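Q: Encoded as structure tokens, here's the structure I'll be asking about.
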Amino acid sequence: MSSDNGRKPRIAVFKFASCDGCQLSLLDAEDELLAVAGAVEIAYFPEASRRMLKGPYDIGLVEGSITTHHDAQRIQQIRRQCRTLVTIGACATAGGIQALRNWRDTGEFVRYVYARPDYIQTLNHSTPIAEHVPVDFELRGCPINKYQLIELLSATLAGRKPNIPTYSVCIECKRRGTVCVAVAQGAMCLGPVTQAGCGAICPAYGRGCYGCYGPMENPNSKRLAAHFLETGKEREQVVRAFRTYNAWAWQFREATEEREG
């Protein structure tokens, strides 16, 4: 990718409702970023710099979900400013763990937490960026894999397709020689329906996958949920397993909402 006037491509990083973990992953990749830093200009990144340049931008990285009316308006402005828009992390790609409120009365939460709930203006749902504007690429994870981010930036700058896996965590388990915890221990594991990217950390330590990287390409989440029930898991356990970091991803949603009738 090259800018229209011959200058370096400009990158901007934006934040919505999130914990900042994905932005910190970007900062944690400072050594790797040196390889591409000479080819780009970080024009807007409040987390890391006081230097704020106005758009337009060649690449926009967006962390966080949309939770307020102001967010919904602001993401429209950001989309118009960015030639390529990339969402990073579970909040931006699936609504985040804060999307658990989507199945409850948000007003009740506000009344319980705040002394003056009438001062709080929020949407009833926490939603991913793609529900509001067109997104060019989604980088999954809670938080994202910094090496995948570097690959994404490098590929975008080179004008090629990013080499980001879309297969399941089960493949990562096999590659590192990890015994399947679902088969050997009967653990409730979301590995068969979760996109790779973490290196299968949890199964390597004897725990089932929590689905941090969201649904893989074409997952059969409904069948996995049915399998959990058939092997003796309670309905509440199954629903809770799918409702974590990527609860609002429709591939996980259809498995849990069917369980609730």
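The values are calculated or read from the model by the stated rules, or taken from the named source; none is laboratory data. It should be emphasised that the depicted structure is a prediction, and the values quoted were computed from it without experimental measurement. Every residue, glycine among them, receives a Cβ derived from its backbone with ideal geometry; neighbour counts consider all protein chains shown.
Q: Write out, first by first residue and then by second, each pair whose Cβ atoms fall under 9 Å of each other, whose residues are 6+ apart or on separate chains, and whose first residue, in the range 182-211, is assigned by TED's automatic domain parsing to the domain that holds E230 and at pLDDT 95 or above while the second is surrounded by fewer than 17 Cβ atoms within 10 Å (Cβ to Cβ) and acidic (D, E).
A: Listed by first residue and then by second, the contacts come to Q195/E217.
Q: Also: For the range 172-185, does any single residue satisfy the condition of being surrounded by 15 or more Cβ atoms within 10 Å (Cβ to Cβ), acidic (D, E) and in a helix (DSSP H, G or I)? Even if it seems obvious, please write down each step before you answer.
A: Of the range 172-185, the ones surrounded by 15 or more Cβ atoms within 10 Å (Cβ to Cβ) are 172-173, 178, 180-182.
Next, only the ones that are acidic (D, E) stay: 172.
Now drop any that are not in a helix (DSSP H, G or I), which leaves 172.
There is at least one residue in the range 172-185 that is surrounded by 15 or more Cβ atoms within 10 Å (Cβ to Cβ), acidic (D, E) and in a helix (DSSP H, G or I).
Q: So G21 clears everything in (1) crowded, with 23+ Cβ neighbours inside 10 Å; (2) at pLDDT 90 or above; (3) closer than 24 Å to I164 by Cβ except one condition, right? Which one?
A: (1)
Q: Okay, next question. Identify, from the list P128, P162, P134, P143, the residue that is closer than 22 Å to A99 by Cβ and surrounded by fewer than 18 Cβ atoms within 10 Å (Cβ to Cβ).
A: Within the list P128, P162, P134, P143, the selection yields P134.
Q: Right, another one. How many of the residues making up the range 237-258 are crowded, with 17+ Cβ neighbours inside 10 Å and under 12 Å from W103 (Cβ atoms)?
A: The total comes to 7.
Q: Within the range 12-62, how many residues turn out to be in contact with a Leu (Cβ under 9 Å, 6 or more places away or on another chain) and within 30 Å of I120 (Cα to Cα)?
A: 12
Q: Then there's this: Quick one: A43 ticks every box in (1) surrounded by 20 or more Cβ atoms within 10 Å (Cβ to Cβ); (2) within 15 Å of F16 (Cβ to Cβ) except a single one, so which number is it?
A: All conditions pass for A43, except number (2).
Q: Could you give every pair whose Cβ atoms fall below 9 Å, whose first residue belongs to the range 214-226 and is in contact (Cβ under 8 Å) with a residue 24 or more places away in the chain, and whose second residue is of a type in the set (D, E, K, R) and surrounded by 24 or more Cβ atoms within 10 Å (Cβ to Cβ), counting only separations of at least 6 or pairs across chains?
A: Here the result reads G214/R140; P215/R140, each pair linking the range 214-226 to a residue that is of a type in the set (D, E, K, R) and surrounded by 24 or more Cβ atoms within 10 Å (Cβ to Cβ).
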